[in-house]
Amino acid sequence: MQKLGGFKLPHFFNYPPYFTLQPVRETREKQVQLWKELILDYCRSQKIFVIGLEEDFPLFSNPVIERSLSHEAREVFLSALVAEGRAEWMDKSHKKCLILWLRIQAWADYILNFVKENGFEDSVMTVEDIQSGIETRGTELAGIDRCVLMRALRLLEQKGKAAIFKGTSTDDEGVKFSA
Amino acid sequence: MRRRPGISGLQSAAAARDQYRLVGENVAKIRTDLMKEQLATFRSQLEEFARKHKNDIRKNPTFRTQFHEMCAKVGVDPLASNKGFWAELLGIGDFYYELGVQIVEICLATRSHNGGLINLQELCSLLCQRRKTAREAVSEDDCLRAISKLKVLGSGFEVITVGKKKLVRSVPTELNKDHNEILEVAQAQGYVTVEEIEKTHSWPSGRAIDALETLLEEGLAMIDDGHRDGKRRYWFPCVAPISAALGAEGLRSSS
């Protein structure tokens, strides 16, 4: 089976009609469902957070069968994710889309869990540390999008589980966890 | 001079008739007895055979098919009743009912993908995947037998032959001759174009489009506008080999 950077592509990716928006409602629903799952799975495995609709994205075309998704189709599939709260448009013209393979709430829970398991309660970490530090290596947090991370941290702050403080530059933005 | 009929003449004629009838009855009785005896022998032979090859019948699909053929030729249907001697001996009835249930499940699970029409071959391979844990192998013949048992339920399970392939229909959609012919053309590549259909069948343009629209509505076809030549292709998941793998995937995620 075809692979994309270690990601195992589903069989429908090689079936040409899945690259054309289907006119019949039931068929379309099935098609959208398959694409939604594929986009989320792929982004998760490759740690992709932002998809640009007008840029090249490996899932949007399949050179093996010479098919690619029209702009309309891309927007339909991503809009379906947005409707489910698994993605957000980053601009009004729908050119960039933030993919939340974990919802913000789930990210916040994940961070809290990470903090507890590694004994970081009451200690300070920089945002940079979380994104690319040695502590988070091998967890879902490694390589997390800054925007997503900040929103999750802010959610934790609201619940009184963390305190974000700013340094002089964005680089030393830090967070103190309290379990 | 002619003799007139007398009492004794009539009596002897009646006696002769009685004699004939008696002899006739005897002969008939002997024949039936013989037949009964032969049938009994045959039955016991068949039982003995079935008993002896019980494991083969259960486990070897080819052998099972041949056994069924043999039974059909002598007018015995091992599936006729689940309570009969055959079921007790072979457990064959249960086997086919089990298959039937699994076939229904597969048809339902793949319906959203193929619109309720599935290739027999594909169905069979999905069935085998599903039964991986069960020891007995399943042949297409077994599938057909199980489906024929499903008919009793009146649920509209039917096997249709399109070209060389057999398709199993699990939706009440009636396919007319035009639809069947389109499916037949589609078997070659998995898809058809309006042009192709018009050319192979020399239909007027409306006819092909009408039939294709219906197939689309029924969820049996999918359109593909992405080819370089710009001609719309109609794909049929029920005949395309790729759907075998896709169906399996759908099944796994739904179970």
Among the Cα-Cα pairs of segment A:3-99, the proportion with separation greater than 20 Å, in percent, is 32 percent
Cross-link reach from A:Lys30 to aspartates and glutamates, straight Cα distance under 15 Å and at least 8 residues apart if same chain, gives B:Glu217, B:Glu218, B:Glu249
So, with points 7 Å from each Cα along the Cβ direction, the A:Glu66-B:Arg207 label distance in nm works out to 3.1 nm
Helix A:25-46: inclination vs chain A longest Cα principal axis, degrees, rounded to 10, gives 40 degrees
Shape descriptor, the protein assembly as shown: equivalent ellipsoid semi-axes (Cα gyration tensor, sqrt 5λ, whole Å, largest first) stand at 71, 30, 16
If one compares the long axis through the Cα atoms of helix A:146-158 with the longest principal axis of the Cα atoms of chain A, the angle in degrees, nearest 10, works out at 50 degrees
For chain A, the convex hull over Cα atoms projects on average to an area in nm² of 11.9 nm²
On the formula 1/(1 + (r/R0)^6), with r taken between the Cβ atoms of A:Cys147 and A:Ser79 and R0 of 25 Å, the FRET efficiency rounded to 0.05 is 0.80
Taking the alpha-carbon centre of each part, the distance from segment B:176-219 to segment A:37-65 in Å is 34 Å
Rounded to a whole number, the Stokes-Einstein D of segment A:106-171 in µm²/s (Kirkwood radius over Cα pairs; 25 °C; 0.890 mPa s) is 203 µm²/s
Tilt, helix A:71-83 to longest principal axis of chain A (alpha-carbon atoms), in degrees rounded to tens, equals 40 degrees
Log entry: pair-distance distribution for segment B:110-216, C-alpha pairs binned every 10 Å from zero, whole % per bin is 13, 40, 30, 14, 3, 0
A convex hull over the alpha carbons of segment B:18-59 yields, per residue, a volume in Å³ of 35 Å³
Taking a straight Cα-to-Cα line shorter than 21 Å from A:Lys161, and setting aside same-chain lysines fewer than 8 residues away, one finds A:Lys116, A:Lys176
As straight-line cross-link partners of B:Lys29, the qualifying aspartates and glutamates (C-alpha separation under 14 Å, not fewer than 8 residues apart within one chain) are B:Glu37
So for R0 = 35 Å, FRET eff. of B:Gln129-B:Ala72 from the Cβ-Cβ r, to 0.05, ends up at 0.75
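For the pairs B:Lys59/B:Lys164; B:Lys132/B:Lys164; B:Lys52/B:Lys73; A:Lys3/B:Lys231; B:Lys36/B:Lys73; A:Lys36/A:Lys159, note any where the Cα-Cα span goes beyond 25 Å.
B:Lys59/B:Lys164; B:Lys132/B:Lys164; A:Lys3/B:Lys231; A:Lys36/A:Lys159, as the Cα separations exceed 25 Å there.
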Looks like segment B:137-198, by Cα gyration tensor root eigenvalues a ≥ b ≥ c and the a/c under 1.5 rounded cutoff (else prolate when a/b is bigger than b/c, oblate otherwise), is oblate
In the protein assembly as shown, taking the dipole from +1 charges on Lys and Arg beta carbons and -1 charges on Asp and Glu beta carbons about the Cα centre, the listed residue (A:Val82, B:Val27, A:Leu21) farthest towards the positive end is B:Val27
B:Leu34 and B:Glu198 label points (each 7 Å along its Cα→Cβ direction) are spaced in nm at 7.1 nm
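Any read-out appearing in this document is the output of simple, stated calculations on the displayed coordinates, not a laboratory observation. Keep in mind that this is a model prediction, so the values were computed, not measured. So basically every Cβ, Gly included, is an ideal-geometry build from the backbone, and we count neighbours across all protein chains shown.
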